[in-house]
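Novice: Can you read through this structure? Questions will come right after.
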Amino acid sequence: MHEYWRVVIADDEPWIREGIRDAVLWKTFHMEVSGEAENGEEAFELAIKHSIHLMVVDLNMPIINGLELMKKVRKKLPKCRFIVVTGYDWFSYAQEAIRLHVDDYLLKPVEPHQLKGVLEKVSQSLLSEQQKERHLQKNLGLLKEHFFLKWIDGQVSENDVEQQLKFLHLPTRYPEMLCVIRPLKLDDVDRVKEVTEQFFGEEAEKAVFLNDERLVTTCLWRILTNHEQQIFVNRLNVEITAGTSVFFMNLTEAQQSIAQAYQTCKQKLSQTFNVSPIVVRAKAYMHKHFDSREISLKQVADTLQVSSVYLSRMMKHELGMTFVQLLTEMRMQKAVHLLKTTTLPIHVIAEQTGYETQHYFSTVFKKTIGASPNQYRRIM
């Protein structure tokens with residue numbers, strides 16, 4: 001532990017502030033005085049500026065009195081500790097201060113030995129909280145996974161949900177979106193989870209976990225737009241060559257418990273997985289070779305040792321799209337990814353997605369995406 005606990009001393013009398021500041025060797029308690037304030041407004045600004053851990057505060061101050069100051073600081077810095085300094089004439093207010101969960105209070109004039117005793121107690125309490133927080137952060141992933149697995153399985157009472165979410169540093173309201181992913185190949189499940197965590201890495205309010213059925217599930221506390229959902233699906237398709245099945249649910253509209261919503265998502269996924277082995281193999285082969293100019297329905301059918309007519313009929317029936325439509329979708333997903341993440345010229349992207357000419361690639365891209373490759377790159 002290298003960083004000192006930051007302290008602000010707030011009192012309208014300079015000699016009191018100086019007396020408190022000079023009464024003890026603050027480093028003994030692993031503390032440093034970050035600022036001194038003569039009124040409540042200044043004290044509040046210093047508290048926020050330095051993200052303080054402790055405020056030594058007089059109750060009777062101008063502009064904002066000590067009680068109001070503590071209430072304001074508590075809202076912004078809920079873990080901040082308070083030591084109240086008060087005179088006999090303000091002693092009755094100390095009772096309300098105690099209700100604000102102050103650590104202790106001292107009567108003026110402050111005696112050094114009393115201040116030392118209180119600071120020692122606060123320092124030990126802060127250290128204990130820090131150790132708990134570090135332990136929680138170290139195990140946060142496992143704790144989240146354990147809680148959410150029980151929640152989606154209906155094993156957590158609604159009365160406990162808020163408390164558990166708060167403990168995990170998540171919003172105490174219901175998540176707004178659920179996303180469930182099943183990879184075509186079970187061997188890909190860890191990679192799917194990794195890609196999902198990376199994609200939603202900047203989302204502070206999220207939970208990504210894996211259940212016993214090898215489904216990767218994400219809870220978010222905001223609604224993803226259709227465009228964001230498509231970008232995520234595209235990313236998975238680029239990274240997971242064998243393919244995945246993804247289902248999003250808006251929980252604000254579902255009017256279901258999270259356990260019921262999860263079951264609905266699983267049912268939807270199982271419907272999309274009623275695909276014959278031959279079509280699964282065809283999709284996997286296409287994911288590996290869609291960027292080849294030579295790929296064709298006949299080539300894929302010959303590789304799988306079935307007739308072109310049979311494979312075409314099976315794909316249309318089970319996937320709802322033709323071979324050419326699926327091939328185009330794969331190529332467009334790769335093209336979108338390259339346009340967003342690289343500065344490659346359009347003719348190079350055309351080559352890397354299996355098209356013989358830039359003109360033909362641009363024509364297909366505009367017809368599929370609704371904008372030319374150059375236009376898409378500019379708006380993204």
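Novice: Under 8 Å for C-alpha pairs, at least 6 residues apart: give me the relative contact order for the chain, rounded to a whole percent.
Specialist: 9 percent.
Novice: Can you give the net charge of the other residues whose Cβ lies under 13 Å from the Cβ of V180, counting K and R as +1 and D and E as -1? Intermediate results must be reported in sequence, preceding the final value.
Specialist: Working: positive: R182, K193, R214, K266, K268; negative: E213.
Result for the local shell: +4.
Novice: Relative contact order, percent, of segment 5-131 when contacts are C-alpha pairs under 8 Å separated by at least 6 residues? Show your work: numbers first, answer last.
Specialist: Details: 208 pairs, mean separation 30.7, N = 127.
After rounding, I find 24 percent.
Novice: Arrange W221, W5 by Cβ neighbour counts within 10 Å, fewest through most, would you?
Specialist: Arranged by neighbour count, lowest to highest, W221, W5 become W221, W5.
Novice: Related question: Over 19 Å between C-alpha atoms is what I'm after, so list which of K283/K367; K316/K366; K49/K75; K49/K72; K49/K206; K27/K116 land there.
Specialist: K283/K367; K316/K366; K49/K206
Novice: Listing W151, W26, W15 from the residue with the fewest other Cβ atoms within 10 Å to the one with the most, what is the order?
Specialist: W15, W26, W151
Novice: If R₀ is 51 angstrom, what is the calculated FRET efficiency for the pair Q255 and T368, using the beta carbon separation as r and rounding to 0.05?
Specialist: Working from the Cβ atoms, E equals 0.90.
Novice: Additional query: Taking neighbour Cβ counts within 10 Å as the exposure measure, how do I231, I52 sort from fewest upward?
Specialist: Sorted ascending by nearby Cβ count, the order is I231, I52.
Novice: By how many nm would the segment from E194 to E45 lengthen if fully extended, with 0.36 nm per residue of separation less the alpha-carbon distance?
Specialist: Gain on extension, E194 to E45, equals 49.5 nm.
Novice: Now for a separate question. When the helices in the chain are scored as -39500 (n - 2.57) per DSSP H run of 4 or longer and the sum is shared across all residues, what 222 nm value do you end up with, to the nearest 500 deg cm²/dmol?
Specialist: -17500 deg cm²/dmol
Novice: Once the convex hull of the C-alpha atoms of the chain is built, how many Å³ does it hold per residue, rounded to a whole number? Show your work: numbers first, answer last.
Specialist: Numbers: hull volume 72.0 nm³, N = 380.
It comes to 190 Å³ per residue, whole-number rounded.
Novice: Among V364, Y376, T217, which residue has its Cα positioned farthest towards the positive end of the charge dipole of the chain, with +1 placed on the Cβ of Lys and Arg, -1 on the Cβ of Asp and Glu, and the dipole taken about the Cα centre?
Specialist: So the residue furthest toward the plus end is V364.
Novice: Checking the cross-link filter: which lysines have an alpha carbon closer than 17 Å to that of K288, excluding same-chain neighbours under 8 positions apart?
Specialist: K185, K298, K334
Novice: Please give every one of the aspartates and glutamates within straight-line cross-link reach of K340, meaning a C-alpha to C-alpha distance under 17 Å, and leave out same-chain neighbours fewer than 8 residues apart.
Specialist: Once the sequence-local aspartates and glutamates are set aside, what remains near K340 is E228, E239, E329, E351.
Novice: Turning to a different aspect of this structure: Once the dipole of the chain is set up with Lys and Arg at +1 and Asp and Glu at -1 on Cβ about the Cα centre, which of V110, G201, L143 lies farthest towards its positive end?
Specialist: Among V110, G201, L143, the one farthest towards the positive end of the dipole of the chain is G201.
Novice: Placing +1 on the Cβ of each Lys and Arg and -1 on the Cβ of each Asp and Glu in the chain, which of M321, I63, T264 has its Cα farthest towards the positive end of the resulting dipole?
Specialist: Farthest towards the positive pole: M321.
Novice: Please tell me the relative contact order of segment 277-379 in percent, rounded to the nearest whole number, where contacts are Cα pairs under 8 Å and at least six residues apart.
Specialist: Relative contact order, segment 277-379: 24 percent.
Here, each number is a calculation from the coordinates, and none is a lab measurement. Just so you know, these numbers come straight off a predicted model, no measurement behind them. Quick reminder, even Gly has a Cβ in these numbers, built from the backbone with ideal geometry, and neighbours come from all protein chains shown.
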